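The values are calculated or read from the model by the stated rules, or taken from the named source; none is laboratory data. Note that the structure is predicted; figures quoted are calculated from it, not measured. As a convention, Cβ positions derive from the backbone with ideal geometry for all residues, glycine included, and neighbour counts pool all protein chains shown. Areas reflect the complete protein model, heavy atoms only, side chains present, ligands, DNA and RNA absent. Shrake-Rupley method; radii C 1.70, N 1.55, O 1.52, S 1.80 Å.
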Amino acid sequence: MTTGSEIAIPDLPGLSEVGYIDSDQAQNLERLPDSLLVLGGGAVALEFAQLFLRLGVAVTVIQRSPHVLSGMDSAIGTALAGYP
């Protein structure tokens, strides 16, 4: 975990029942999952999505904002949307 960062678990109905891992737990997995759903399009979420994708995991990213990295210049998020 980055110094000063805090893990935010979204308040989604049923999340605890289906199970989830946070970014800290993702770094300590003993085996790779077949697939992964990443909640959010921020820098940390995209970093982990890219890492797992490059390791062969099927990754889906979902977010609320119109583009990834919504806290940054919109041109960055728009440009990234063109990459697989």
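Using a simple charge model, +1 on the beta-carbon of Lys and Arg, -1 on the beta-carbon of Asp and Glu, nothing else, what dipole does segment 1-79 show about its Cα centre, in debye to the nearest 20?
Details: 3 positive and 9 negative charges, 52 e Å.
That gives a dipole near 260 debye.
May I ask you to give the solvent-accessible area per residue for segment 1-77, in square angstrom, as obtained with a 1.4 angstrom probe?
On the way: 5860 Å² over 77 residues.
Accessible area per residue: 76 Å².
Can you tell me how much longer the chain between residue 44 and residue 58 gets when fully stretched, taken as 0.36 nm per residue apart minus their C-alpha distance, in nm with one decimal? The partial results should precede the final answer.
Values: separation 14, 0.36 × 14 = 5.04 nm, distance 1.76 nm.
Gain on stretching residue 44 to residue 58: 3.3 nm.
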Non-local amide H neighbours of residue 61 (under 5 Å, H modeled in plane, Pro and chain starts lacking H): which ones? 38
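Considering the convex hull of the alpha carbon atoms of the chain, report its projected area averaged over all viewing directions, in nm², one decimal. Could the numbers behind the result be given before it?
Numbers: hull surface 25.6 nm².
Over every viewing direction, the Cα hull of the chain projects on average to 6.4 nm².
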Excluding ligands, DNA and RNA, the carbon-plus-sulfur percentage of the accessible area of the chain with a 1.4 Å probe reads 55 percent
Label-to-label distance, nm, for residues given as residue 26 and residue 80 (7 Å Cα→Cβ offset): 1.1 nm
